[in-house]
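Just so it is clear, none of the values below were taken in a lab; they were calculated from the coordinates. Remember, it's a predicted structure, so these values are computed and weren't measured experimentally. We place every Cβ from the backbone using ideal geometry, glycine too, and count neighbours over all the protein chains shown.
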Amino acid sequence: MIKNPVKKEQFVKWVLVAFALSSLLFLFLIFIFILFEGLPLFHKIGLKNIIMGSKWAPTKGSFGIFPMIVSSFLVTFGALVIGAPMGLSCAIYLSEYSGKRMKMFLKPALELLAGIPSVVYGFLGVIYIVPLIRNYIGGSGFSLLATSIILGIMILPTIISISFDSLMSVPKTYREGSFAMGATKWQTIYKVIIPAAKSGILASFILGMGRAIGETMAVIMIAGNALRIPTSILDPLRTLTGNIALELAYATGDHRLGLFSTGVVLLVIIMILNYIANFGIKRKM
């Protein structure tokens, strides 16, 4: 038992430091493992042949992942087009229009969306979204459009939560000054509050993009998993995460290394998005 208060404080401090460093250690080990497994194929095949290659046939020596990179970004962009306006609108309503009771009910309910397993979203997409697209728009239903809709719903908790916090952090004096100048409530929101919170809102969009581009199970269930660049919102596709999840169980040799190379590319993309988001948050602060 440590009786000296100073020593006790130091002990607690170093215990907390150890826990903090352990989380960084796990991240570092994951990063090193993926690099160790994925880089040999980049050296063997060539970075350009993998990233810019258009054909994925590992058993025949073709490891091009460009169609999957494009598909991942198209799906992410589609999810952002659907989720960003909806999420920002919800955040504005919660921060500026809803009453205290409504806010206490709605915010936790919206954040519960983050706790729903992705396989449930995929299941709902297969049961409802895919048949609706097939019957009323066209195509097989397993498409870029269906995937974007599901991912747009899945990124809502991220966008709503961060955007809400950003809007609430705008000082009340900004609102009061705008009202004093004769502006309406919507003019105040549009001209004053949103510009003041734009860095945090942008960060929420970028983090939502990271969530969408890293999603796997729901994408596998509704994307159609076609190894080509979609030319229409009704075309099927395959993302980077879907490619890894679908083939890793039976991949061996260079095929397995190719999947780890896909993981390296995906990791770099997500790290860049997170860096941009953190940069935006720091600018806000």
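A few points about this structure:
- Stretching the chain fully between Lys198 and Thr231 yields a gain of 8.6 nm (0.36 nm per residue, less the alpha carbon separation).
- Given charges at beta-carbon only (K, R positive; D, E negative), |dipole| of the chain in Debye: 760 debye
- Flagged links, alpha-carbon separation over 29 Å, of Lys13/Lys198; Lys100/Lys185; Lys107/Lys185; Lys100/Lys198; Lys103/Lys185; Lys103/Lys191: Lys13/Lys198
- Segment Gln187-Phe123, extension gain: residue separation times 0.36 nm, minus the distance between their alpha carbons: 18.9 nm
- Note, ³J(HN,Hα) from phi for the range 264-270, Karplus 6.51, -1.76, 1.60, rounded to Hz, x at Gly and Pro: 4, 4, 4, 4, 5, 4, 5
- Cα gyration tensor shape for the range 56-284, rounded if a/c is under 1.5, else prolate or oblate: prolate
- The simple spin-label model puts a point 7 Å past each Cα toward its Cβ; for Thr173 and His43 those points are separated by 5.9 nm.
- Modelled FRET efficiency - R0 25 Å, Lys100 with Phe279, Cβ distances, 0.05 increments: 0.15
- Residues of type aspartates and glutamates that Lys55 reaches as a straight line, Cα spacing below 16 Å, ignoring anything fewer than 8 places off in the same chain: Glu247, Asp254
- At R0 = 25 Å, FRET efficiency that the Cβ-Cβ distance of Ala245 and Met86 yields, to 0.05: 0.35
- Near Gly224, the amide H atoms lying under 5 Å from its own belong to Leu237; only residues 5 or more places off or on other chains count, and H is placed 1.01 Å from N.
- For Met209, Met104, order by how many other beta-carbon atoms lie within 10 Å, fewest first: Met104, Met209
- Set of lysines with alpha-carbon distance to Lys7 below 23 Å, sequence-local pairs under 8 removed: none
- Proxy reagent accessibility, fewest Cβ within 10 Å first, across Asp165, Asp235, Asp254: Asp165, Asp254, Asp235
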